[in-house]
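To start, the structure itself, in structure tokens.
Laboratory data are not the source of any read-out in this text; all were calculated from the coordinates shown. Quantities reported herein were computed from a predicted structural model and do not represent experimental measurements. Note: ideal-geometry Cβ built from the backbone for every residue, glycine included; neighbour counts use all protein chains shown.
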Amino acid sequence: MTGFLTLLYKELLRFWKVGFQTVLAPIVSTLLYLLIFFHVLEAHIEAYQGVPYTVFLIPGLVMMAVMQNAFANSSSSMIQSKISGNIVFVLLSPLTYREILLAYILASVVRGLMVGAGVYLVTWFFFDIPLYWPVWIILFAVMGSALLGALGVIAGIWADKFDQLAAFQNFIIMPLTFLSGVFYSIHSLPPAWQVLSHLNPFFYMIDGFRYGFFGASDIPPYMSLVIVTVCFVAISLLAIKLLRSGYKLRH
Amino acid sequence: MDSVLAIEVKKVCKYFGSFCALDHIDLEIREGEFFALLGPNGAGKTTLINTIAGLALADSGSVHVMGNHVVNQYRLARRQLGVVPQELVFDPFFTVRETLIIQSGYYGISKNKTWIDEIIERLGLTDKAHANMRALSGGMKRRVMVAQALVHKPPVIILDEPTAGVDVELRQSLWDFIKQLNIEGHTIVLTTHYLEEAEALCSRVAMLKQGKVIALNSIQSLINTMTAGYSLRLRLQPDNLPPGLQEKQVTHHNGFYELRMDSYRQIESVLAQLRENKIQILEMQLLQPDLEAVFVNLMKNPVSET
């Protein structure tokens, strides 16, 4: 247990030491999104009946920040350690593969939740955001960031260069996030896009997370939670398999 | 009953594509030994170390550390092993002390201040304990890597070229520390290109070439079997060798005759023959065979196919 807690502590300390870049900067950039959308779209769109667009948008942006930062944390830590070579100190240790993965995931969850909480707290001062069922909010925030944390571990192991990691982020994570309903309800989409959206696991995270605020969602939240959990387990098993096989880590 | 083997390598092969990096390596290192792995660049020393440490996976064969299989019982094996990797690597986010506390924690040791303080002091890192790793010189970073390998007091310590790029002072203090650890019972395995270091420190050596162990013995046995005794270098006045000594002559170069001696006892007869022939000795050197001579001899011969 000490080994696992140490790796977790190291991962937390790693991003906390550069907190301006890893926590404060994403909070500010997410708030900039909000500011722009608030001014441009507030008067034009109503996603749910009676819910102003900005209030609808805030949970989506919070969850987007949670997910993106969870992914960024584990993936950047893994690739930096690989490229600089200091991953060797973890690989030489008696830590189990499960301990390694769990430490990376939990550190990602903590960073994701810190950024998400930061965005929420700032918006709370300016907007009246309902809190229908906070348990769902916490459940989806934790599961969503855990899934992205596990995905970040895989991306960090797979990528040989920062360039490849950026490609993973820009061509997989970003489109899945932007097309998951952060900025809109999928009911506003044409039927074909609605079907496609249901194939995107990120959609269920956003939808379930938003349910915790408004008590309304496109999909029943327990259904979304099952789908997100299944995806998390599948991604985690793949990450364990990569760690165990030594793929791109051990010769 | 035999003592426990610190490291047991059995028929290990390792390929990188079609390149055979380790070719049926068999090696046993006993507990408490001070052992050197020698060989030219690309011989397979680091690959062998990585295989023992679990950083590389053997394609066939098995490796045990203190009786624990390095793959099937990797947790037990890794607890017994401290490795100083050859490449200079560090985590730029942390200070020296943080680095060591974290490394200690990976091995399940949470209260390790006394030992960490001791290794910091013994490796001359006291002034740098709170400095960020990025701010250290190459030699200092190397010291921290040694400290990281020792932080869990492993019974088996492997040092892959620990003195590469390190100043003389540290080299001396590092070896003093490692010798002390060996006296306390730790098994030490090192690779180095400084053969005089291996000769001064180690009891046994394995020489690797093209992925094979081409010699494995105590240093003295290797010197005795792989070299042709002592050499006596003489500058003479007049510059000619009596006929009785000509069969011992190896070279005549730059005014020096080099004679092969099988033992010290032959020196007296050489001197006697020179006296008889009224030849005066202007300069005399007795050269003892060393590990370098063994190394050079072995490396110039092609590796035999098995």
For the pair B:CYS20/B:ILE267, report the inter-label distance in nm, with labels modelled 7 Å from Cα in the Cβ direction.
4.6 nm
Using alpha carbon centroids, what distance separates segment B:1-75 and segment A:198-251, in Å?
41 Å
For chain A, please report how many Lys pairs fall under 16 Å Cα to Cα, leaving out neighbours fewer than 8 apart on the same chain.
4
Working out 0.36 nm times the residue gap between B:GLU31 and B:LYS179, then minus their Cα-Cα distance, what length gain in nm do you get to one decimal?
51.8 nm
Given all pairs of different Cα atoms, what value in angstroms does the Kirkwood hydrodynamic radius of segment B:123-266 take?
19.0 Å
Give the angle, between 0 and 90 degrees and rounded to the nearest 10, that separates the Cα long axis of helix B:138-150 from the longest principal axis of the Cα atoms of chain B.
70 degrees
Sum of -39500 (n - 2.57) over DSSP H runs of 4+, divided by residues of the protein assembly as shown (222 nm, nearest 500)
-16000 deg cm²/dmol
Proximal lysines to B:LYS248, defined as alpha-carbon separation beneath 25 angstrom and excluding residues fewer than eight positions away on the same chain
B:LYS278, B:LYS300
Tell me the Kirkwood hydrodynamic radius of the protein assembly as shown in angstroms, computed as one over the mean inverse distance between distinct C-alpha pairs.
27.7 Å
Where does helix B:291-300 land angle-wise versus the long Cα axis of chain B, in degrees 0 to 90, nearest 10?
90 degrees
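Say the cut-off is 21 Å between C-alpha atoms; which of B:LYS141/B:LYS212; B:LYS10/B:LYS45; B:LYS14/B:LYS209; B:LYS11/B:LYS45; B:LYS11/B:LYS212 go over it? Show your work: numbers first, answer last.
Working: B:LYS141/B:LYS212 32 Å; B:LYS10/B:LYS45 15 Å; B:LYS14/B:LYS209 14 Å; B:LYS11/B:LYS45 15 Å; B:LYS11/B:LYS212 11 Å.
Result: B:LYS141/B:LYS212 exceed 21 Å.
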Take the Cα gyration tensor of chain A, multiply each eigenvalue by 5, square-root it, and list the three semi-axes largest first, rounded to whole angstrom.
33, 19, 16
For segment A:14-35 and segment A:56-101, what is the separation of their C-alpha centers, rounded to whole Å?
16 Å
Taking R0 as 35 Å, what FRET efficiency do you get between A:LEU237 and A:PHE162 from their Cβ-Cβ distance, rounded to the nearest 0.05?
0.85
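Please identify the DSSP H helices in chain A that span no less than 27 Å along the helix axis (Cα) and have a mean Kyte-Doolittle hydropathy of 0.0 or more. Working shown, then result.
Details: long enough: A:53-84 (45 Å, 0.80); A:97-126 (44 Å, 1.40); A:134-158 (36 Å, 2.08); A:221-245 (36 Å, 1.83).
Membrane-span-like by this rule: A:53-84, A:97-126, A:134-158, A:221-245.
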Out of the DSSP beta bridges found with both residues in the protein assembly as shown, what percent are antiparallel (nearest 5)?
70 percent
Nearest 0.05, what FRET efficiency do B:LEU57 and B:ASP127 give at R0 = 41 Å with Cβ-Cβ as r?
0.55
Once B:GLU276 and B:VAL168 are pulled to full extension, the length gained, defined as 0.36 nm per residue separation minus their Cα-Cα distance, is 34.1 nm
In the calculated pair distance distribution of segment B:61-157, what percentage of Cα-Cα distances lie above 24 Å?
23 percent
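Percentage of Cα-Cα pair distances in segment B:1-101 greater than 24 Å, rounded to whole percent?
More than 24 Å apart: 29 percent of the Cα pairs in segment B:1-101.
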I need the fraction of alpha carbon pairs in chain B separated by more than 24 Å, rounded to a whole percent.
60 percent
Just to confirm the number: angle between the C-alpha axis of helix B:113-122 and the first principal axis of chain B, 0 to 90 degrees, nearest 10?
30 degrees
In whole percent, what relative contact order does chain B give with Cα contacts below 8 Å and a gap of six or more residues?
19 percent
If unit charges are put on Cβ atoms (+1 for Lys and Arg, -1 for Asp and Glu) and the dipole of the protein assembly as shown is taken about its Cα centre, the option from B:GLY244, A:ILE154, B:LEU287 lying farthest towards the positive end turns out to be A:ILE154
Expressed to two decimals, segment B:242-303 has a Cα Rg over Rh, using the Kirkwood radius, of 1.05
Please identify the longest segment of chain B free of exposed trypsin sites (Lys or Arg not before Pro), where exposed means a DSSP state other than H, G, I, E or B and no more than 10 other Cβ atoms within 10 Å.
B:112-277
